[in-house]
Amino acid sequence: MENLIERAANDLLHSKYAIALTGAGISTESGIPDFRGPKGIWTTDKEAEAKAYKRYELFLSDPKAYWEEILGFKGTYGRFYTEIRKAEPNPGHYALAELERLGIIKCVITQNIDGLHKKAGSENIIEYHGSVNKLRCVSCGSRYEFDEVSLENLPPRCKCGGIMKYDVVHFKEPIPLDVVEKSGKEASECDLMLICGTSAVVYPFAGLPRMAKLRPGVKIIEVNAEPTPLTYEGISDYLIQGKTGEILPRVVEEVKKRL
Ligand SMILES: [Zn+2]
């Protein structure tokens, strides 16, 4: 393990354009519940799950009713949002922010919607599945924070006149085009990808490491509690197995020793 941490530090220092990919694993260490684990949001509340599956269709057919549902979250799904608002970044988030400040990590692409990378100080963040803190115009793609928008008349509208939806990407909703483009560009330009707390099985996000791997010489490092399909398929060069909140700060420590 020590060897792998040193190896990761060396690889990061020798990279020219390193990016990080993060998933639920980094957020569960901040106490954010998952959806499909034994005590997950969907596992314990099938009705909430069924509603979530229909949420995007509801937006398309009746945006006002959709917004009433979004603003009136109750029950288990409400628990998720309450937990998110209480959550604080953990040492894993801070370590990635530190690597960005050091000029090593150029971008964080996250599947998480909790906004914790920003809270931890990361700046160049692509929120692949949107953010709980934002609204998005479906016409022009502009994002707004909740306090910038009046929710008096539903659905809220953008300055361009377009209807806004919650920025969070729902089931069956396509990933916003700007996000697909930006993250595809990052994955095809990076020379190192640090994948933290995700098994990368949900597409299209899961395509990013595979896209990076197509170019020879690109280093792919995983930090995860368990081996993943990326490990088994040989997409990643190596896996540092354990908690992101413990491993990433040690990697940063090793990087700093070598600067
Ligand atoms: Zn707009």
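The values are calculated or read from the model by the stated rules, or taken from the named source; none is laboratory data. Keep in mind the model is a prediction, meaning the values are calculated, not measured. Don't worry about glycine lacking a Cβ; one is built from the backbone with ideal geometry, like all the others, and counts go over all protein chains shown. The accessibility values were calculated without ligands, DNA or RNA, using every heavy atom of the protein model including side chains. Shrake-Rupley method; radii C 1.70, N 1.55, O 1.52, S 1.80 Å.
Scan the stretch 115-124 for residues that are of a type outside the set (Ser, Thr, Tyr) and open to solvent by less than 40 Å² (accessible area, probe 1.4 Å) and jot them down.
Gly115, Leu116, His117, Ala120, Gly121, listed by residue number.
Would you check which residues across the stretch 91-114 are more than 19 Å from Glu181 (Cα to Cα) and open to solvent by 10 Å² or more (accessible area, probe 1.4 Å) and list them?
Pro91, Tyr94, Glu98, Glu100, Arg101, Leu102, Gly103, Ile104, Asp114
Could you tell me which residue of the stretch 184-196 is nearest to Arg36 (Cα to Cα), considering only residues that are touching a strand residue (DSSP E or B) at 6+ places or on another chain (Cβ under 6 Å) and open to solvent by less than 10 Å² (accessible area, probe 1.4 Å)?
Cys196
Restricting to the stretch 1-21, name every residue that is of a type in the set (Ser, Thr, Tyr) and either more than 20 Å from Val108 (Cα to Cα) or under 21 Å from the mean Cα position of the chain (by Cα) (or both).
Tyr17 - this is the single residue of the stretch 1-21 that is of a type in the set (Ser, Thr, Tyr) and either more than 20 Å from Val108 (Cα to Cα) or under 21 Å from the mean Cα position of the chain (by Cα) (or both).
How many residues, within the stretch 39-78, are over 16 Å from Phe171 (Cβ atoms), modelled with pLDDT under 90 and open to solvent by 90 Å² or more (accessible area, probe 1.4 Å)?
Qualifying residue count for the region: 3.
Go over the candidates Ile84, Ile113, Ile104 one by one and state the one that is among the β-branched types (Val, Ile, Thr) and either within 16 Å of the ligand (Cβ to nearest atom) or more than 18 Å from Glu29 (Cβ to Cβ) (or both).
Ile104 is the lone residue from the list that is among the β-branched types (Val, Ile, Thr) and either within 16 Å of the ligand (Cβ to nearest atom) or more than 18 Å from Glu29 (Cβ to Cβ) (or both).
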